[in-house]
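The values are calculated or read from the model by the stated rules, or taken from the named source; none is laboratory data. Keep in mind that what you see is a predicted model, and the values were worked out from it rather than measured. Backbone-built Cβ (ideal geometry, glycine too); neighbour counts: all protein chains shown.
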Amino acid sequence: MNRTFTPTAILVATLLGTACGDPSSADVRIETVDMLLARVCQLAAACPGVSATPQDLDDCPLGIRSQLGPSEIAELEQFVTLSVAEQGTVLECIGTSICGRFGGGLGSISDSDMMEPYRQCLASA
């Protein structure tokens, strides 16, 4: 079977691999908006009652990104300037806040499901 992997699939696999490993994996620096979106999708997939296939995890960041406007992407780009500890705090908060915001699978996460928890969590970090 000859299978090609998209950059997002590789990124998600990398994030999943490091997240499932040792506890210090929370110290992985998010360096792009795409990495942030992939991490948020991973957190959403861990919500109670949500099951996600590898394809769902691959499609999720692109689905959210396609709904974001230029100002929202610019806002998310500020996340990469945070320290690793600040990023971890914001992501932990998002992981709790995003659960229950979307119905069904990861494909139903909207831009507001992403941005509202992001803004709240960033403000409280």
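For the structure I just gave you, tell me whether residue 61 is at pLDDT 90 or above and closer than 26 Å to residue 125 by Cα. Answer is yes for this residue.
In region 33-57, the residue that is surrounded by the most Cβ atoms within 10 Å (Cβ to Cβ) out of those that are of a type outside the set (A, V, I, L, M, F, W, C) and over 11 Å from the mean Cα position of the chain (by Cα) is 56. Only residues that are surrounded by 10 or more Cβ atoms within 10 Å (Cβ to Cβ) and more than 12 Å from the chain's Cα centre (by Cα) were counted in region 58-68, giving 2. The condition (being crowded, with 17+ Cβ neighbours inside 10 Å and among the acidic types (Asp, Glu)) is satisfied by just one residue among 72, 92, 116: 72. Does residue 110 satisfy being closer than 21 Å to residue 123 by Cα, loosely packed, with under 12 Cβ neighbours inside 10 Å and not aliphatic (A, V, I, L, M)? No: the conditions fail for residue 110. So which residues in region 40-64 are in contact with a helix residue (DSSP H, G or I) (Cβ under 6 Å, 6 or more places away or on another chain) and of a type in the set (D, E, K, R), if there are any at all? Of everything in region 40-64, those that are in contact with a helix residue (DSSP H, G or I) (Cβ under 6 Å, 6 or more places away or on another chain) and of a type in the set (D, E, K, R) turn out to be 56, 58.
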